[in-house]
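Engineer: First, the structure itself, so that you have it in front of you.
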């Protein structure tokens with residue numbers, strides 16, 4: 001059975017969850033206590049629309065997961081040095097999320113740090129910092145290993161999987 005969405009969750013060891021990304025974040029969740037997993041696709045729109053918080057809430061509602069017990073991995077995505085972001089968008093999000101938003105300014109241009117912003121949203125939702133693992137890989141810079149839409153401007157994807165072992 002194939003399902004689609006910005007976030008998927010399961011407690012079945014027979015189901016493998018996969019997220020397609022180009023420069024956006026693949027975010028994987030694992031709840032050891034309740035043997036549940038989730039995978040979320042988080043671009044800037046999804047981040048600011050609450051995909052990570054909604055995924056945590058879904059794990060809580062369906063499996064009794066607690067945010068502070070989750071292990072979360074943020075996979076390869078475009079890094080702050082290459083993710084130019086419009087000033088108007090930045091200002092509107094900065095007003096709504098002053099503590100969560102992370103960016104750099106260089107020569108009058110703004111660059112969004114998706115990974116750090118996601119990490120801040122996760123911690124604000126109750127995930128412990130020590131339980132968040134962030135890939136240092138940049139899709140834009142690692143052209144031999146990872147696809148980047150911003151680098152290539154053509155169609156392609158990276159896929160990130162998570163599954164539970166059968167016991």
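Every number here is computed from the coordinates shown, using simple stated rules; none is lab data. Because the structure is predicted, anything quoted here is derived from the model rather than measured. Neighbour counts run over all protein chains shown; Cβ positions are idealised from the backbone, glycine included.
Engineer: Do the conditions hold for residue 75, that is, is it on the phi < 0 side of the Ramachandran plot and in contact with a strand residue (DSSP E or B) (Cβ under 6 Å, 6 or more places away or on another chain)? Outline the logic, then answer.
Structural biologist: Numbers: on the phi < 0 side of the Ramachandran plot: yes; in contact with a strand residue (DSSP E or B) (Cβ under 6 Å, 6 or more places away or on another chain): yes.
Yes; evaluated as a whole, the condition is true for this residue.
Engineer: Could I ask something else about it? Which of the residues that make up region 138-160 are surrounded by 12 or more Cβ atoms within 10 Å (Cβ to Cβ) and outside any loop (DSSP other than H, G, I, E, B)?
Structural biologist: Scanning region 138-160 gives 138, 149, 150, 151, 152, 158, 160.
Each row is one residue, and each column tells you yes or no for (1) under 17 Å from residue 133 (Cα atoms); (2) more than 11 Å from the chain's Cα centre (by Cα); (3) surrounded by fewer than 17 Cβ atoms within 10 Å (Cβ to Cβ); (4) in contact (Cβ under 8 Å) with a residue 12 or more places away in the chain.
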{"position": "6", "(1), (2), (3), (4)": "no, no, no, yes"}
{"position": "13", "(1), (2), (3), (4)": "no, yes, yes, yes"}
{"position": "61", "(1), (2), (3), (4)": "no, yes, yes, no"}
{"position": "82", "(1), (2), (3), (4)": "no, yes, yes, yes"}
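Engineer: Going by what's in this entry, would residue 28 be described as within 14 Å of the chain's Cα centre (by Cα) and not in a strand (DSSP E or B)? Can you show your working first?
Structural biologist: Working: within 14 Å of the chain's Cα centre (by Cα): yes; not in a strand (DSSP E or B): no.
Against the criterion (within 14 Å of the chain's Cα centre (by Cα) and not in a strand (DSSP E or B)), residue 28 does not qualify.
Engineer: Could you list all residues from region 109-132 that are under 24 Å from residue 84 (Cα atoms) and either assigned to a loop (DSSP other than H, G, I, E, B) or in contact with a strand residue (DSSP E or B) (Cβ under 6 Å, 6 or more places away or on another chain) (or both)?
Structural biologist: The first filter runs over region 109-132 and keeps only residues under 24 Å from residue 84 (Cα atoms), leaving 109-122.
If the condition is that a residue be under 24 Å from residue 84 (Cα atoms) and either assigned to a loop (DSSP other than H, G, I, E, B) or in contact with a strand residue (DSSP E or B) (Cβ under 6 Å, 6 or more places away or on another chain) (or both), then 109, 110, 111, 112, 113, 114, 115, 118, 119, 122 are the ones that fit.
Engineer: Return the only residue of 104, 45 being in a strand (DSSP E or B) and surrounded by fewer than 19 Cβ atoms within 10 Å (Cβ to Cβ). It would help to see each step written out before you state the result.
Structural biologist: Working: 45 fails: in a strand (DSSP E or B).
Within the list 104, 45, the selection yields 104.
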